[in-house]
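Since every read-out is calculated from the coordinates, none of them should be taken as a lab result. All values reported here derive from a predicted model rather than from experimental measurement. Here the Cβ positions follow ideal geometry from the backbone for every residue, glycine too, while neighbour counts run over all protein chains shown.
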Amino acid sequence: MTDDAQTAAEEPTAADAPTAADPGTTRVAVAQVALAVGRPDDNLAAAERAVREAAAAGARIVVLPELVRSGYVFADVAEAAGLAESTADGPSVRAWSALAAELDLVIVGGLCEQDAAGVLRNSAVLVDPSGLRAVYRKAHLWDRESEVFVPGDDAPPVVDTAVGRIGLLVCYDLEFPEWVRLVGLAGADLIAAPTNWPDAPRPAGERPMEVVRVQAGAGANRVFVAAADRCGTERGVDWVGGSVIVDPDGWPLAGPAQSGRSTVLVADCRLDDARTKAIGPRNDVHADRRSEIYGG
């Protein structure tokens with residue numbers, strides 16, 4: 001079992017979870033794993049171990065980090081291209097589809113994609129027991145990502161699965177309220193977000209701003225959010241390690257991890273709660289919008 005410094009009361013892990021989810025809930029897991037650029041087989045193996053741990057704890061939805069198989073801190077475009085894969089039949093989708101079928105799961109994870117035109121994309125995929133269901137190409141590229149990837153232009157998909165309606169975003173996308181709103185308006189119960197959050201200084205005792213933005217997006221749209229971060233120093237870059245599962249009121253159900261260690265966090269989510277946008281007898285976070293006066 002993975003090791004983490006916080007108590008089970010603060011941060012439910014797969015080992016702490018009961019053997020079956022409470023009636024009316026879906027058990028969601030985020031897998032925070034250590035990855036290393038240029039070690040694709042080791043990275044996929046680490047992800048598989050985390051998925052199996054989550055499944056053993058009763059999870060039906062498992063979210064993995066961004067760029068799982070390839071790692072993140074590429075030396076140049078050529079290195080990224082050498083680690084890229086297709087979504088249709090690449091090793092990540094093959095591995096995750098097989099796991100989803102074996103364990104009866106929905107898995108969301110990030111990969112370095114080379115699309116049909118040969119363009120490199122920072123992508124997320126959703127697979128379930130039937131195979132590949134959706135591909136999303138990150139629309140908002142962070143820092144040096146723009147030297148490697150071409151951003152996607154399509155709206156985030158929302159997939160109707162056997163366990164709920166799941167929308168896909170990747171990392172920096174979560175920092176754009178308009179983009180998170182699109183997923184909420186499209187009817188997602190849960191936003192699954194693979195992330196690689198580089199660590200940065202913050203005032204003592206403060207929660208990472210990346211986690212704060214996840215909470216804000218969840219509350220503003222009354223939607224669950226499961227963000228799977230990574231850990232392990234990679235070519236001098238440290239990571240927030242802030243994996244978190246947040247409810248539609250914006251409160252964490254599991255995490256943020258903030259441990260810098262591999263861990264699997266789980267939470268029982270009553271996903272139907274996200275289909276009600278009311279926040280009281282007179283207010284509704286979607287119906288109260290006045291988009292006609294907002295402008296650009």
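For this structure, a couple of remarks:
- Of the residues making up the stretch 87-121, those that are within 20 Å of the chain's Cα centre (by Cα), among the charged types (D, E, K, R) and farther than 18 Å from ARG137 by Cα are ARG94, ASP104.
- Sole residue being among the basic types (Lys, Arg), part of a helix (DSSP H, G or I) and on the phi < 0 side of the Ramachandran plot, chosen from ARG165, ARG202, ARG207, ARG181: ARG181
- Hits in the stretch 46-74 (condition: free of Cβ contacts under 8 Å to residues at least 60 places away in the same chain, of a type outside the set (Lys, Arg) and closer than 19 Å to ASP238 by Cα): SER70
- Members of the stretch 110-149 that are within 17 Å of SER70 (Cα to Cα), aliphatic (A, V, I, L, M) and crowded, with 24+ Cβ neighbours inside 10 Å: LEU111, ALA124, VAL125
- Neighbours by Cβ (under 7 Å, 6+ apart or cross-chain): first from the stretch 89-112, closer than 9 Å to VAL127 by Cβ; second of a type outside the set (A, V, I, L, M) and part of a helix (DSSP H, G or I): LEU99/GLU48; ILE107/TRP96; GLY109/SER92; GLY109/TRP96
- Some residue of the stretch 239-251 being among the charged types (D, E, K, R) and either touching a Phe, Trp or Tyr at 6+ places or on another chain (Cβ under 8 Å) or within 23 Å of ARG137 (Cβ to Cβ) (or both): yes
- Residues that are farther than 17 Å from THR263 by Cβ and assigned to a strand (DSSP E or B), drawn from the stretch 210-230: PHE224, VAL225
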